[in-house]
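Please treat every number below as a calculation from the coordinates, not as lab data. Predicted model, so just to flag it, every value in this text is computed and none were measured. Positions of Cβ are generated from backbone atoms using ideal geometry, with glycine treated the same way; all protein chains shown enter the neighbour counts.
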Amino acid sequence: MGRVPRLILLCGLPCAGKTTLAKRLEREVPAVRLCPDEWISDLGVDLFDEAFRDRLERRFRRLARDLLLLGQDVVLEFGFWSRAERDELRDMARALGVPVQLRFLDVPFDELVRRLDVRNRTDALVVITEEQMAGYAQVFEAPDEAELSQYD
């Protein structure tokens, strides 16, 4: 029997380090890395176009499933702000018999804002304000220990 692929979900707010970790995992695992922000930007679409983002992320979910069935490790760099979203991907992977990891990048808000300031001045795909970040932090559903224990 061949090697079993794995699905790796990266969970965290903007500036938590998801892309840095995803790029490292892409090389080290190796894995196919799917990052909606990069695709949206490359396609010239507004990063805040939620309808487009939803369609793209649905497509990436199907692509991830297909890649896993082919034996390829996959890193999804969606942020996974809601428990329901994380549960959906975990259930999909488990239905395929694939281990799934959740990497939660838990960064204090003050550090996120510091990183945001640096990113906004240097290499941001889009500028995010501190006020937007505060709003994101309010709706973000951080995984607790009970949820984290459900992953491989």
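A few comments on the model shown:
- Within the range 126-147, being within 17 Å of Phe78 (Cβ to Cβ) and exposed (fewer than 13 other Cβ atoms within 10 Å of the Cβ) holds for one residue alone: Val139.
- If you go through the range 93-105 and keep only what is part of a loop (DSSP other than H, G, I, E, B) and of a type outside the set (Gly, Ala, Ser), you end up with Leu96, Val98, Pro99, Leu105.
- Residues satisfying the stated conditions in the range 53-88, i.e. of a type in the set (Val, Ile, Thr) and in contact with an Asp or Glu (Cβ under 8 Å, 6 or more places away or on another chain): Val75
- Selection within the range 55-84 - outside any helix (DSSP H, G or I) and not acidic (Asp, Glu): Leu70, Gly71, Gln72, Val74, Val75, Leu76, Phe78, Gly79, Phe80, Trp81, Ser82
- Number of the exception - Ser41 against (1) more than 24 Å from Arg119 (Cβ to Cβ); (2) in contact (Cβ under 8 Å) with a residue 60 or more places away in the chain: (1)
- Taken as a whole, the structure places Leu21 among residues that are in contact with a Leu (Cβ under 7 Å, 6 or more places away or on another chain) and closer than 24 Å to Val139 by Cβ.
- Among the residues listed as Leu47, Leu63, the single one being surrounded by fewer than 17 Cβ atoms within 10 Å (Cβ to Cβ) and without any contact (Cβ under 8 Å) to a residue 40 or more places away in the chain: Leu63
- Meets criteria (assigned to a helix (DSSP H, G or I) and either buried (at least 17 other Cβ atoms within 10 Å of the Cβ) or of a type in the set (Lys, Arg) (or both)) for Arg33: no
- Hits in the range 66-85 - residues which are touching a strand residue (DSSP E or B) at 6+ places or on another chain (Cβ under 9 Å) and either β-branched (Val, Ile, Thr) or free of Cβ contacts under 8 Å to residues at least 60 places away in the same chain (or both): Val74, Val75, Glu85
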